[in-house]
Amino acid sequence: MQTQAQLEAENTKLKARIQELEALNKWYAEQLRLSRQKQFGASSEKSQRDDLAQLNLFNEAEAERQPFVAEPDTQTISYQRQKGKRGESIKHLPVEVIEYTLPAEEQVCPQCGEDLHVMSKEVRKELTIIPAQVKVVEHVSYVYSCRNCEKTNIETPVITASAPKALLSKSMVSAELMAYIMSQKFVNAMPLYRQEQEFKRLGAILSRQNLSNWIIKGAGLLEPVLTALKQDLLARPLLHADETTLEVLCEPGRPAKADSYMWVYRTSGDTQHPIVLYDYQEGRSGQFAKDYLAGFTGYLHTDGWNGYHKVEDAGVTLCGCWAHYPRCMIIRGDSAQAA
């Protein structure tokens with residue numbers, strides 16, 4: 001027969017299990033609601049901001065929410081020790097050396113009174129990190145004039161010391177700050193409203209409107225880089241292409257629920273310097289791929305969608321599998337390149 005203490009312990013476990021199941025049930029109910037809203041309801045900026053799971057990389061993306069799972073009391077971990085020298089993974093990092101020595105008056109043997117000498121060193125390594133910080137850089141250009149000309153001549157020359165031009169006219173954004181904002185958004189998938197909060201914690205009040213404007217203008221500054229990358233992309237012998245749907249809010253002349261497409265073109269996996277370029281279009285016509293790949297005459301690896309057949313008219317050879325690429329070259333007589 002169970003004692004009162006055992007019954008109470010069992011009751012506590014059951015209550016915890018009930019709470020866990022209730023939380024899990026609420027999560028599934030929320031996922032069902034979001035699924036129905038996405039399938040049958042019209043999209044809006046507010047709903048996409050509230051339901052972070054609906055956002056993607058190009059439209060303020062956030063990771064999908066996970067259900068509550070109770071942590072286990074114990075956990076068994078088995079692993080196999082990887083071979084390698086200790087410190088190999090950090091040998092490329094910059095090193096700051098802090099040395100600890102005895103004061104001159106203490107470098108005396110406590111037993112005989114003679115001077116001590118360095119016999120060896122004990123080295124202990126630790127990793128540290130420099131947190132992000134925001135500071136103001138003032139570019140001060142001094143203006144010079146001639147005292148003698150001011151007294152004796154009608155005109156006085158005025159000479160201003162040269163200084164770097166602003167990245168954007170009448171803007172305080174620097175190249176470093178713009179690169180950081182773009183990297184946080186497109187590489188780390190951090191939406192602008194979160195960056196706004198992060199900058200506030202760092203002591204800088206930057207609105208998401210300013211951040212958005214800087215990204216848009218920064219994209220214009222990167223046009224020469226995009227042009228050079230595209231030229232290099234089209235010169236490669238093998239490319240990959242794909243497209244995916246994208247919902248764009250507040251697009252002129254189009255409802256929020258209308259599907260747009262983000263096209264992606266990239267070099268092959270064995271390329272030493274890979275290139276990945278995105279092209280936004282309002283539709284899925286194969287003509288978009290044909291126009292973008294104008295001048296490309298190599299092999300294009302795609303899925304089975306027949307829209308890509310339009311690129312064949314421009315001399316592009318479609319290939320459905322990477323394994324077929326060398327064989328296709330041999331069939332066409334390009335065995336030297338395949339080898």
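The values are calculated or read from the model by the stated rules, or taken from the named source; none is laboratory data. Bear in mind the structure is a predicted one, so any value in this text is a computation, not a measurement. Quick reminder, even Gly has a Cβ in these numbers, built from the backbone with ideal geometry, and neighbours come from all protein chains shown.
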Requested in this report: Output the number of the condition that residue 162 fails; it satisfies all remaining conditions of (1) surrounded by 11 or more Cβ atoms within 10 Å (Cβ to Cβ); (2) free of Cβ contacts under 8 Å to residues at least 40 places away in the same chain; (3) small (Gly, Ala, Ser); (4) part of a loop (DSSP other than H, G, I, E, B).
Outcome: (1)
Query raised in the report: So which residues in the stretch 282-318 are out of contact with any Pro (no Cβ under 7 Å at 6 or more places or on another chain) and of a type in the set (Gly, Ala, Ser), if there are any at all?
Result: 283, 285, 286, 289, 294, 295, 304, 307, 314, 315
**Report entry** Failed item, numbered, when residue 25 is tested on (1) at pLDDT 85 or above; (2) closer than 30 Å to residue 181 by Cβ; (3) surrounded by 10 or more Cβ atoms within 10 Å (Cβ to Cβ)
**Finding:** (2)
Query raised in the report: Quick check: is even one residue across the stretch 198-214 touching a Lys or Arg at 6+ places or on another chain (Cβ under 7 Å), surrounded by 13 or more Cβ atoms within 10 Å (Cβ to Cβ) and of a type in the set (D, E, K, R)?
Result: no
Query raised in the report: Would you pick out the residues in the stretch 211-247 that are within 20 Å of the chain's Cα centre (by Cα) and assigned to a loop (DSSP other than H, G, I, E, B)?
Result: 222
Report summary line: Expected output for the stretch 231-251 (first residue without any contact (Cβ under 8 Å) to a residue 40 or more places away in the chain, partner among the acidic types (Asp, Glu), Cβ below 7 Å, 6+ apart or cross-chain) is 245/259
Report task. Would you check if residue 187 is assigned by TED's automatic domain parsing to the domain that holds residue 204, without any contact (Cβ under 8 Å) to a residue 40 or more places away in the chain and loosely packed, with under 10 Cβ neighbours inside 10 Å? Result -> yes
Requested in this report: Among residues belonging to the stretch 1-40 that are over 30 Å from residue 257 (Cβ atoms) and hydroxyl-bearing (Ser, Thr, Tyr), point out the one that is farthest from the chain's Cα centre (by Cα).
Outcome: 3
Query raised in the report: Counting just the residues of the stretch 261-295 that are modelled with pLDDT under 90 and either of a type in the set (Ser, Thr, Tyr) or in a strand (DSSP E or B) (or both), which one comes out surrounded by the most Cβ atoms within 10 Å (Cβ to Cβ)?
Result: 268
Report task. May I ask you to say which residue of 246, 229 is modelled with pLDDT of 95 or more and either over 18 Å from residue 304 (Cα atoms) or of a type in the set (Asp, Glu) (or both)? Result -> 229
